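**Q** Right, I'll just put the structure down here and ask away after.
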Amino acid sequence: MLEKEIINFEKTAIVGIVTQNQSEEKLNEYLDELEFLTFTAGGEVIKRFSQKMERPNPKTFVGTGKIEEINLFVKENDISTLIFDDELSPSQQKNISKIIDCKILDRTHLILDIFAQRAETSYARTQVELAQCQYLLPRLSGMWTHLERQKGGIGMRGPGETEIETDRRIVRDRISLLKEKIKTIDKQMGVQRSNRGAMVRVALVGYTNVGKSTLMNAVGKSDVFVENKLFATLDTTVRKVVIKNLPFLLSDTVGFIRKLPTQLVDSFKSTLDEVREADLLLHVVDISHPDFEDHIESVNQTLLEIKSNDKPTIMVFNKIDAYKHLTIDEDDLITEKTRRHYTLEEWKQTWMSNVGQNKALFISATQKENFEEFREIVYEAVRQIHITRFPYNKFLYPDYKDAIEKEEDSEDQE
């Protein structure tokens, strides 16, 4: 009989602040996401702490009263990890560690930890390690107190080199080594991409956990790993897909997230080359998520950073089967109608109707709803790129409807 695996979640508390630039509603959204990130990393959030401040306290991020309150809660409830929603400076991390006796992490460190868990290939592990080293370098002194001692013994007297300096040098050397390793792998991957020939390349992009891998499996009949957690996909997967005898390459890329650590954007730039070199982007959006418009903005911002914001793009609004809107009772005269009350039909009449002809799709990847329409629009978009590239074999790939008629005719003849 198989024994059930018991997963021990770490007891965790999370901290965020309401500032002039971040309202209470926005903070709650970020803390919800942070809680999901914590769960993905193997933690259980016991309590949330928040404070209204003009700007973060440069010494301890939150005020002295709040830090004492958190410290008391950590001691009384045996909390093992405290996670802050924004990136802590090395001095803030050091000061908080002096007051609170538990692991102190920030959003960046947490995302790096999830990436380290998810990295399967040598390439992904190298990228994650580089990002971790870059994050770690300025924080060495806060992490180990023994590093501030000088080495003693024969030949080590005098000013010498402190352990902290030695360790910094080791980390810097490691960063240089990893950068060289990534350059080598980049060349190899560049060769692989060039060997794929002149086939049209389509890349799935979008926020993390919007269903890109599920869509990839449904379209390409492949078996990409799927899980309802953040950053389930870390390694880019490329599959050859054929719709009505028109072949093209479809790649599933790493998901984006708000407040994405700069170290990750830098070290994963080469993974995002799949996006850079794509001819067509399918921007997948989880329309059932209440903050999906923010997610679209975050993805567009990342595409801008990697200079891929001007590519032909089809917006794919996924998870329509899970979409639920708020309702207002007929006799309720107080509640104002907001975007949360829009039905799918009402959403289609908003800015989504201006995305462009056949540039917005509403589907469910798990239920395969509206899949025929999806296949038709992707087919036509890929065909258009293909015809532009190879005008002489235009006759090979007819219009989608003509392709269906051809299929039906051949079936009748059989």
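The values are calculated or read from the model by the stated rules, or taken from the named source; none is laboratory data. Please read these numbers as outputs of a predicted model, since none were measured by experiment. Methodologically, a virtual Cβ is constructed for each residue, glycine included, from the backbone with ideal geometry; neighbour enumeration extends over all protein chains shown. Ligands, DNA and RNA are stripped out before the accessible areas are found, and what is left, the full protein with its side chains, is counted by its heavy atoms. Shrake-Rupley method; radii C 1.70, N 1.55, O 1.52, S 1.80 Å.
**Q** For the residue pair residue 59 and residue 170, what label-to-label distance in nm results when each label sits 7 Å from Cα along the Cα-to-beta-carbon direction?
**A** Inter-label distance under the simple model: 3.3 nm.
**Q** Between residue 380 and residue 307, what's the calculated FRET efficiency when r is the beta-carbon distance and R0 is 25 Å? Round to 0.05.
**A** Approximately 0.40, to the nearest 0.05.
**Q** Taking the Cα centre of region 8-113 as origin, work out the dipole magnitude from +1 charges on Lys and Arg Cβ and -1 charges on Asp and Glu Cβ, in debye rounded to 20. Before the final figure, lay out each step's value.
**A** Details: 13 positive and 19 negative charges, 92 e Å.
I would put it at about 440 debye.
**Q** What nm value, rounded to one decimal, do you get for the distance between residue 52 and residue 352 when each label is placed 7 Å out toward the C-beta?
**A** Output for this residue pair reads 3.6 nm.
**Q** Relative contact order for region 8-113: what percent, with Cα pairs under 8 Å and sequence separation of 6 or more?
**A** 33
**Q** So for region 8-113, taking the charge dipole from beta-carbon charges (+1 Lys/Arg, -1 Asp/Glu), which of 109, 45, 57 sits furthest toward the positive end?
**A** Toward the positive end, the furthest listed residue is 57.
**Q** Dimensions of region 8-113 along principal axes (Cα, Å, largest first)?
**A** On the principal axes, region 8-113 reaches 38, 28, 24 Å in Cα extent.
**Q** How do 108, 214, 335 stack up against each other in accessible area, from largest to smallest, with a 1.4 angstrom probe?
**A** 335, 214, 108
**Q** Taking the Cβ of residue 11 as the centre, find all other residues whose Cβ is under 10 Å away and add up their charges (Lys, Arg: +1; Asp, Glu: -1).
**A** Combined, the nearby Lys, Arg, Asp and Glu give -2.
**Q** Follow-up question, since we're still on this one. Any idea how far apart residue 322 and residue 242 come out in nm if each label point goes 7 Å out from Cα toward Cβ?
**A** 3.3
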